[in-house]
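Each reported figure results from applying straightforward, stated rules to the coordinates on display, with no laboratory input. The structure displayed is predicted, hence computed values, not measured ones. Cβ coordinates were reconstructed from backbone atoms using ideal geometry, including for glycine residues, and neighbour counts include every protein chain displayed.
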Amino acid sequence: MGRATLRGGALRRRQEPLLVGTAGLVLLVAALLPLARVALDVGALRLDLATPHLLLRLLGWVGVVGRLLLRSLAIAGAVTALALLLGIPLGTLVARTDVAGRRWVLLLHAFPMFLPPFLLALGWFHVLGRHGLVGTEATAEMLFSAPGVVAVLALAFTPVVTCLTALGLVAVDPSLEEAARVVATPLRTTTRILLPLVWPAAALGALIVFVLALSELAVPTFLRVRVYPAAVFTRLGGVAYAPGEAVALALPLIGVALVLLVLERRLAARRSFAVLGLGSADHPPFALGRWRRGATGLVWLAGALSLAPVASLAWRAGREGFLAVPVWIGASLVTSLGSAGLAAAVIVALGLVLGHAGARDRFGARLLDALAVLGFVTPAVVLGVGLIGVWNRPVTHWLYGSTAILVLGYVARYATVGMRTIAVTVAQSSPSLEDAAATCGARYLRRLLGIVLPLNARGVLAAFFLALVFCLRDLELPVLFYPPGREPLPVRIFTLEANGPEAVVAALAVVHVLVTAAVLAAGLMLVRGRQGR
């Protein structure tokens, strides 16, 4: 009896390291195992360089993919630069000035970042294509080019920088701003005090935009611009199936992912919890005076550009397209909602344990946070190649042949969304209640579910809905390995685009937009409801 009591007491004392270790193991299996598989496969590649014909083919192949990699990096860099150029001023205007309707315009402007960029490209095609609303040969030629890809992706991803800049500005200590405004103009206060304080938020936004732009497959493919992810994708399907070449092509992208991880650690990781807090300080907005009307027009123009491709999709779909949706949609919507919902639940469970550990600076938490970030910054094609290599085998067909593989992929890529969101929330709450409960004998699990979860329910709900919409919008990862007949809705739209009726494809895209809008609306209502309690 005494030994059993001692074992039970030891187990209770070890609840936190056991749960953190278990959550970390899940993250290792989901994110690190695929990357390790890619590295091992690259190390196992064997090429017979004694054959002159093969050597010449290899040298030509390296030259082609090298140019594609440089083009992809250049496109991602241009998209990031344009997003910073547009997003920082927009974020400043909507967060710190008296432009009219700034909250509503921010919602409109932010909406595209929750949609697959391919849908926006499809919408712009119906605006600027040869037979679009205002399309001509010149506009079509401009759209189907590398600058067209940059423009579409920049309009899709600029809201990331805008929102993070706005959050950073709202979280700045008001006393610093008030002291500066005593002796300086609003413009000088903004450029010399506020923006330097929120540079980690802007840097994090730039990193996210670069990652998303580099991983993008569907938009360049649709606009007929060859990019590096497409070279990997073509080796995993169709007549060009060559998994060994896909593995070799993935190697440079692993190096890019590691560089991005180092940048994230240096620029944002140690300061993001404080800078990107969910709380907001009371800041009186800067009065723009005679500039207010022009600034209001600019921010509302940004909102209108966000709605333009969605409106064009609805116009192209028409009554005919919407009536055909039940016939063409199949099980894709159910697959999307089911796999994304389950993945979001797993991400929140991991985020509650690991995000709390990160906020309280527990042992090993920073390493696990870095692993989650690595899963996000790794280009989707690399992660997909690794997941295929790990799970596409007879003994694990039960997982690979079901929607469980989609859930695993989403968790690997978006675990950091839940971890960081919950960590931000927990870091703003005092640990005194947890310490008091521990002093009274409450075990870790009871403290986590009875104190941490209720106190931070708003952040947990926000983490769930953010993870859900990110999983719903993903196209680049599931298109590589979705189970036959169980493709998510974005993949269904992408595969139908080449041969399906235009009206039906546009209608399916609008359905996806409406589903995303409904999920975001539900999330906002629930989070605000928790805030009022």
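In this simple spin-label model, placing a label point 7 Å from the Cα along the Cα-to-Cβ direction at both A517 and R130 gives a separation of 3.2 nm. The distance separating the Cα centre of segment 291-314 from that of segment 411-460 comes to 39 Å.
Of the Cα atoms belonging to segment 328-411, the radius of gyration and Dmax stand at 15.2, 51 Å. Packing, as the average of other Cβ atoms within 10 Å across residues, places the peptides 468-479, 362-373 in the order 468-479, 362-373, highest first. As a calculated quantity, the FRET efficiency between D98 and L399 at R0 = 51 Å, using C-beta atoms, amounts to about 0.40. Dipole magnitude for segment 312-390: about 80 debye, using +1 per Lys or Arg Cβ and -1 per Asp or Glu Cβ, origin at the Cα centre. Note on L305 and R319: the extension gain reaches 2.6 nm, defined as 0.36 nm multiplied by sequence separation minus the Cα-Cα distance.
With 0.36 nm allotted per residue and the present C-alpha distance subtracted, the R67-R446 stretch has 130.9 nm of extension available.
Working from Cα pairs under 8 Å separated by at least six residues, relative contact order for segment 464-520 is 40 percent. Summarising the amide proton neighbourhood of L288: residues at separation of 5 or more, or on other chains, whose placed amide H is nearer than 5 Å comprise D98. Extending 7 Å from Cα along the Cβ direction at A331 and again at A39 yields two label points whose distance is 3.7 nm. In whole angstrom, segment 426-533 maps to an equivalent ellipsoid with semi-axes of 42, 17, 8, each derived as √(5λ) from the alpha carbon gyration tensor and ordered largest first. A Förster radius of 22 Å combined with the Cβ-Cβ distance from R292 to L524 puts the calculated FRET efficiency at roughly 0.20. Measuring r between the beta carbons of N392 and S145 and using R0 = 30 Å, the FRET efficiency lands at 0.25. Placing one equal scatterer on every Cα of segment 445-487 and applying the Debye formula, the log10 ratio I(q)/I(0) at q = 0.16, 0.33, 0.35 Å⁻¹ is -0.60, -1.04, -1.06.
When peptides 405-417, 129-141 are sorted by average Cβ neighbour count within 10 Å, with the highest value leading, the order is 405-417, 129-141. Placing dummy labels 7 Å off each Cα toward the beta-carbon, the span from L455 to L25 is 2.9 nm.
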